[in-house]
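Asker: The structure's right below; bear with me while I get my questions together.
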Amino acid sequence: MMDAYFKPLSVLYSILIRWFLQLYALGVMELDRFSVKKEILIDDAGWGDLILGVVIGALKRPAHRYIPISYMERRIPVSSFQPPNFENKRYLDDAVKIAEEIVEVMQPDSETRFKVCSGYVLSSIRRYLRDRGFNVEDVEITGELQEMVERSYVRWCIEVGVPAERLVDEGRFSTLLEWVAERPELREKLVKTGWKSWKQKWREQTFKEKF
């Protein structure tokens with residue numbers, strides 16, 4: 001008698017369990033559909049350019065795609081690329097200070113992956129993050145972040161007087177060299193004068209010739 005009573009309940013219980021598991025699986029799939037990996041991308045612009053310093057930008061991709069991305073950027077001043085700071089690699093110390101600020105502002109956790117451009121100026125950032133236990137990957141940054149830091153460097157050039165229309169072409173080094181050569185006695189202070197190529201070649205040519 002009791003077996004006959006409990007048998008329908010047992011079947012109902014099994015159905016409810018299966019139904020619950022199906023709902024749970026659908027819920028997990030739905031969450032996954034709206035989730036992305038936690039990532040912070042770091043890139044730079046200006047390292048190979050004649051004037052000014054370097055812009056470092058960081059882009060945080062949130063855990064869910066409907067949360068806005070977070071972006072910040074900072075500048076390493078041109079003085080870090082001039083004697084004696086350039087020989088002492090002051091720019092690497094400056095980069096670490098920027099990394100400290102990125103961590104403070106963007107609050108990465110153990111699940112966050114850092115994707116850092118493989119350029120030398122960011123080598124101290126990669127080392128700093130790894131020393132603190134973060135997951136760091138050396139990558140070639142393309143797309144959104146690269147465009148953002150490049151635009152920031154161009155804006156910086158415009159701020160110091162380089163005409164915007166002269167910064168459209170890809171051959172930026174020649175453009176900036178010509179711009180400095182127009183008034184080298186005033187514009188040399190904006191140049192990465194710690195470069196050997198500036199001291200051994202470009203400086204003499206800039207002061208001697210008019211482009």
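The values are calculated or read from the model by the stated rules, or taken from the named source; none is laboratory data. This is a predicted model, so every value here is computed, not measured. With ideal geometry, Cβ positions are generated from the backbone for all residues, glycine too; neighbour counts draw on all protein chains shown.
Asker: Name the pairs: first residue in segment 95-118 and touching a residue at least 12 places away in the same chain (Cβ under 8 Å), second residue small (Gly, Ala, Ser), Cβ to Cβ under 7 Å, at least 6 apart or on different chains?
Answerer: Close Cβ pairs (under 7 Å, with a partner that is small (Gly, Ala, Ser)) amount to 95/124; 96/124; 102/58; 106/58; 106/70.
Asker: Which one of these is modelled with pLDDT of 95 or more and either assigned to a strand (DSSP E or B) or more than 13 Å from the chain's Cα centre (by Cα) (or both): 105, 116?
Answerer: Numbers: 105 fails: modelled with pLDDT of 95 or more.
116 is the lone residue from the list that is modelled with pLDDT of 95 or more and either assigned to a strand (DSSP E or B) or more than 13 Å from the chain's Cα centre (by Cα) (or both).
Asker: Can I ask one more? If residue 175 satisfies every condition in (1) at pLDDT 95 or above; (2) assigned to a helix (DSSP H, G or I); (3) more than 18 Å from residue 74 (Cα to Cα) but one, which is the exception?
Answerer: Every listed condition holds for residue 175 apart from (1).
Asker: Which residues, counting only those in segment 120-134, are under 16 Å from residue 58 (Cα atoms) and either in contact (Cβ under 8 Å) with a residue 40 or more places away in the chain or small (Gly, Ala, Ser) (or both)?
Answerer: Answer for segment 120-134, where residues must be under 16 Å from residue 58 (Cα atoms) and either in contact (Cβ under 8 Å) with a residue 40 or more places away in the chain or small (Gly, Ala, Ser) (or both): 121, 122, 123, 124, 125.
Asker: Any idea which of 151, 113, 155, 130 is loosely packed, with under 13 Cβ neighbours inside 10 Å and either under 30 Å from residue 183 (Cα atoms) or in the same structural domain as residue 196 (by TED's automatic domain parsing) (or both)?
Answerer: Every option except 155 fails the conditions.
Asker: Here is a follow-up. Mind telling me which of the residues 144, 182, 137, 111 ends up being of a type in the set (D, E, K, R) and farther than 22 Å from residue 37 by Cβ? Lay out the reasoning, then the answer.
Answerer: Values: 144 fails: farther than 22 Å from residue 37 by Cβ; 137 fails: farther than 22 Å from residue 37 by Cβ; 111 fails: farther than 22 Å from residue 37 by Cβ.
Of 144, 182, 137, 111, the one residue that is of a type in the set (D, E, K, R) and farther than 22 Å from residue 37 by Cβ is 182.
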